[in-house]
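Trainee: Let me begin by handing over the structure; questions about it come next.
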Amino acid sequence: MSGSKPLIATLRGQSQDIPPIWLMRQAGRYLPEYRALRSKATSFLDFCYNPAMAAEVTLQPIRRYHFDAAILFSDILVVPDAMGQTVSFETGHGPRLDPIETPEAVDRLNSFDLGKLDPVFETIDRVKSALPADVALIGFCGAPWTVASYMIAGQGTPDQAPARLFAFRHPQAFERLIERLIDASVSYLVRQIDAGVEAVQIFDSWAGVLPANEFASWSSGPIARIVAALKQQRPQTPVIAFVRGADAQLPHLTRTLGAEAYGLDTALDPVWAVAQTSPSTVLQGNLDPLALVAGGAALDREIDYILGAFAGRPHIFNLGHGILQQTPIEHVERLLARVRASRS
Ligand code: CP3
């Protein structure tokens, strides 16, 4: 069944005449139907933990655009929530967590309570029964470094300086935190797979702020451990690694992380990425979210450049980072029409 889904076929290494397409953050505030439902939930976390609402929001972009994949509607910060850290989301300000400021605070975290995430697994079940047969469901988690950076700073920052300082000052406590996040991520993803997701994406949105040695210790090393554990426990499920800001390390990552596919961020030149990786490497990306906001000739030119760069390669069309709130929905329609007309 999964074999007839273009996204899954591509993740198995088969290049398609027309690449499958989905967009990071495709369920979100640029959609009026999202804003309407979101206004009925008391808080963003309640929204994520309400299986009826979360399933509906997961399906909204599929109904509107028939993307080749749905991505589970949830957030990477449900993992610290399930470790007992206080997590909330303030409109206009993003996430707020009770910051981890000392080694002792790492050790005070609860053990990861997978049961708290039962609503997420129920959401997966609901989405699966409503999804069109050719659309795949993607599950996800944040990579340990990105999740830890929010746990330590307690909020979004431009450079994740609080987490980088903590890692330099308290390397052992930081390593304990990363170890706990590796274990939690593996059990969370295994449970998502058992509930029905057909591929998983690991988001390391903040990998790009790390110097090389720290990158190996806190970003790529932990992701490789998660992938290896998944390959042991659920070998049939493809993994997409989105290591944002990996930059020149991308070719090395594609040889060492063990994932089935690699997401390219906006800054990477796809022509370079194709030349630097093996022809069998599945790549995902990487339209600039701002080109999608701009629309018009600039959008068409960027789409064509990406399609040209990846022609003949197994490629999943996506953005180079999440869709922006101010994106006009007609521009998404234009993108889909252009990608899907690309080989006819
Ligand atoms: O992609 C999807 O459509 C699925 C859902 C999804 C959300 N967050 C929903 C969300 C996914 C995959 C994420 C991942 C996520 N969350 C990441 C990694 C990807 C990336 O964008 O870098 C990160 C770093 C987070 C943490 C997070 N959640 C932040 C920084 C914010 C605030 C910024 C913002 O866009 O508002 C959130 C909130 C959030 N997560 C929203 C959505 C739709 C907006 C909240 C709202 O509707 O009020």
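The values are calculated or read from the model by the stated rules, or taken from the named source; none is laboratory data. Nothing here was measured: the structure is a model prediction, and the numbers come from that model. Positions of Cβ are backbone-derived with ideal geometry, glycine not excepted, and every protein chain shown enters the neighbour counts. Protein only, heavy atoms only, side chains kept; ligands, DNA and RNA dropped before computing areas. Shrake-Rupley method; radii C 1.70, N 1.55, O 1.52, S 1.80 Å.
Trainee: Given a cut-off of under 8 Å on Cα pairs at least six residues apart, what relative contact order in percent is computed for the chain?
Mentor: On the way: 613 pairs, mean separation 71.9, N = 344.
Relative contact order comes out at 21 percent.
Trainee: Continuing with the same structure: May I ask you to list the lysines whose Cα is less than 27 Å away from that of residue 5, ignoring any residue fewer than eight positions away on the same chain?
Mentor: By straight Cα distance, residue 5 reaches 128, 231.
Trainee: Set the Förster distance to 35 Å, then compute FRET efficiency between residue 15 and residue 187 from the Cβ-Cβ distance, nearest 0.05.
Mentor: The pair residue 15/residue 187 has a calculated efficiency of 0.55.
Trainee: Let me ask something else about it. Which FRET efficiency value, to the nearest 0.05, do you get for residue 35 and residue 176 by plugging their Cβ-Cβ distance into 1/(1 + (r/R0)^6) with R0 = 51 Å?
Mentor: E(calc), rounded to 0.05, equals 0.80.
Trainee: Further question: List the residues, sorted by chain then number, that are 5 or more residues from residue 201 or on another chain and whose placed amide H is less than 5 Å from its amide H.
Mentor: 139, 140, 141, 240
Trainee: Carbon-plus-sulfur fraction of the accessible area of the chain, 1.4 Å probe, in percent? Spell out each step's value before the answer.
Mentor: Details: 6820 of 13590 Å².
Heavy-atom surface of the chain belonging to carbon and sulfur, 1.4 Å probe: 50 percent.
Trainee: In whole Hz and in residue order, list the ³J(HN,Hα) couplings for the range 102-111 that follow from phi through the Karplus curve 6.51 cos²θ - 1.76 cosθ + 1.60, θ = phi - 60°; x for Gly and Pro.
Mentor: Couplings: 9, x, 5, 5, 5, 6, 7, 4, 6, 5 Hz.
Trainee: Using the Kirkwood radius over Cα pairs, work out the Stokes-Einstein diffusion coefficient for the chain at 20 °C and 1.002 mPa s, in µm²/s as a whole number.
Mentor: Rounded to a whole number, D works out at 106 µm²/s.
Trainee: Subtract the Cα-Cα distance of residue 247 and residue 88 from 0.36 nm times their separation in residues, and report this length gain in nm to one decimal.
Mentor: Value of the extension gain: 54.1 nm.
Trainee: Something else: For a label point 7 angstrom out from the Cα of residue 43 toward its Cβ, which stretches of the range 139-175 have the backbone nitrogen within less than 17 Å?
Mentor: 151, 154-156
Trainee: Let me ask something else. With every protein chain left in place, what is the accessible area per residue of the chain in square angstrom, probe 1.4 Å?
Mentor: Averaged over the residues of the chain, the accessible area is 40 Å².
Trainee: Can you run phi through the Karplus equation (6.51, -1.76, 1.60; θ = phi - 60°) for the range 309-324 and list ³J(HN,Hα) in whole Hz, with x for Gly and Pro?
Mentor: Couplings: 4, 9, 3, x, 9, x, 9, 10, 6, 7, 7, x, 6, x, 4, 8 Hz.
Trainee: Multiply the residue separation of residue 326 and residue 271 by 0.36 nm, subtract the distance between their alpha-carbon atoms, and state the gained length in nm to one decimal. Don't skip to the end; give the middle numbers.
Mentor: On the way: separation 55, 0.36 × 55 = 19.80 nm, distance 2.84 nm.
Working it through step by step, the gained length comes to 17.0 nm.
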